[in-house]
Amino acid sequence: MGTTWAVTLNAPDLSSEDRARARTAIQASLDAVDGAMSTWDDASELARFNARRETSPFPLSAETLSVLRLAAEVAAASGGAFDPTVRPLVAAWGFGADARVPGQGPDERELAALRARVGFAQLELDFAAGTARKRNPELELDLSSIAKGFGVDEVARALDDLGHANFLVEVGGEVRARGERVGGGSWRLAVERPEPEGRAVFAVVELADQSLATSGDYRSFYQAGGRRLTHIIDPRTAQPVAHDLASVSVVAPLAAVADAWATALMVLGPEAGFNLAERRGLAAYFIVRAPSGAYETRATASFPALESAESARPASGAAPGDPVP
């Protein structure tokens with residue numbers, strides 16, 4: 001999926017055989033998700049679906065269909081701010097797999113043509129038959145804003161099946177915490193300071209048996225024509241988002257849910273995103289750029305308590321989701 005993974009097991013008496021068994025289960029879980037949903041592998045199930053320019057039903061695995069079911073729910077609940085059919089727009093603006101060389105971005109004529117290929121309503125899902133059908137043969141899917149979270153959940157399930165009760169799983173910054181950290185107590189995770197240079201902790205959150213996902217505009221972007229163009233594309237406008245929300249972190253039981261909603265709220269922005277999160281009872285934390293250059297923060301009522309980076313004294317160089325001492 002074009003990213004990295006890390007797993008921490010709090011299992012001091014782990015034998016070499018148990019360690020090997022855990023590593024095999026972790027890799028098998030991630031390989032299965034990658035083989036189904038990667039846009040970086042032309043042989044993946046999703047890549048083959050994208051390459052197929054037909055409108056007849058295409059068989060998909062139960063795992064991919066379950067991710068698409070969740071994607072459809074978040075797409076509807078967010079008013080289209082989350083939409084996995086946005087892939088052609090992401091590539092046209094110079095991001096993701098098969099991206100064009102970043103430049104000025106597509107012109108109005110190209111944007112109009114691309115927008116005709118985007119929209120979740122152009123995808124028909126038949127869960128009973130186990131198929132998906134394109135209503136528009138040019139439709140393409142990109143599940144990168146939910147598949148990493150699903151991968152986290154699959155690894156956690158595999159570790160649960162092996163009897164592990166205390167672990168931390170991270171894939172591309174999306175995290176699932178289970179049980180207790182080394183030394184006891186809840187896992188302490190970093191929320192990253194939303195700046196492009198270096199890595200620093202902005203705040204620390206404690207999690208037990210929950211997931212954390214963050215979406216932000218500060219890592220993948222470029223400047224062109226006097227504009228700051230980010231990889232976060234609003235499917236409703238076909239444009240990179242241009243508001244002051246720097247990042248949003250979401251806590252949920254499942255990492256796939258947190259992953260999808262973090263993206264949806266990031267697209268919606270600091271006001272509409274926060275209001276929707278509050279209405280739906282989502283646990284979300286917003287970091288907003290103020291006109292002064294400082295950061296302002298807002299947390300919904302259900303978001304866990306936070307510590308500032310200064311009071312927590314975390315290790316330097318921590319990335320989103322990193323465990324903090």
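The values are calculated or read from the model by the stated rules, or taken from the named source; none is laboratory data. Everything quoted here is computed from the prediction, not taken from an experiment. Here the Cβ positions follow ideal geometry from the backbone for every residue, glycine too, while neighbour counts run over all protein chains shown.
Points worth noting:
- Condition check for Thr55: among the β-branched types (Val, Ile, Thr) and surrounded by fewer than 19 Cβ atoms within 10 Å (Cβ to Cβ): yes
- Single unsatisfied condition, Glu197 versus (1) modelled with pLDDT of 90 or more; (2) acidic (Asp, Glu); (3) surrounded by fewer than 23 Cβ atoms within 10 Å (Cβ to Cβ); (4) out of contact with any Asp or Glu (no Cβ under 9 Å at 6 or more places or on another chain): (1)
- Residue that is farthest from the chain's Cα centre (by Cα), among those in the stretch 259-276 that are closer than 11 Å to Val241 by Cα and part of a helix (DSSP H, G or I): Leu268
- Some residue of the stretch 203-222 being over 20 Å from Val250 (Cα atoms), of a type in the set (S, T, N, Q), surrounded by fewer than 23 Cβ atoms within 10 Å (Cβ to Cβ) and at pLDDT below 90: no
- Condition met for Ser249 (modelled with pLDDT of 90 or more, in contact with a strand residue (DSSP E or B) (Cβ under 8 Å, 6 or more places away or on another chain), under 26 Å from Pro88 (Cβ atoms) and crowded, with 16+ Cβ neighbours inside 10 Å): no
- Taking each residue of the stretch 1-21 that is assigned to a loop (DSSP other than H, G, I, E, B) and looking for partners that are surrounded by 15 or more Cβ atoms within 10 Å (Cβ to Cβ) and among the acidic types (Asp, Glu) with beta-carbon atoms closer than 7 Å, six or more apart or interchain, yields Met1/Asp34; Asn10/Glu180.
- Selection within the stretch 118-162 - among the hydrophobic types (A, V, I, L, M, F, W, C), over 30 Å from Ala177 (Cβ atoms) and assigned to a helix (DSSP H, G or I): Phe120, Ala121
- Sole exception among (1) of a type outside the set (D, E, K, R); (2) over 17 Å from Leu111 (Cα atoms); (3) surrounded by 17 or more Cβ atoms within 10 Å (Cβ to Cβ); (4) out of contact with any helix residue (DSSP H, G or I) (no Cβ under 7 Å at 6 or more places or on another chain) for Ala62, by number: (3)
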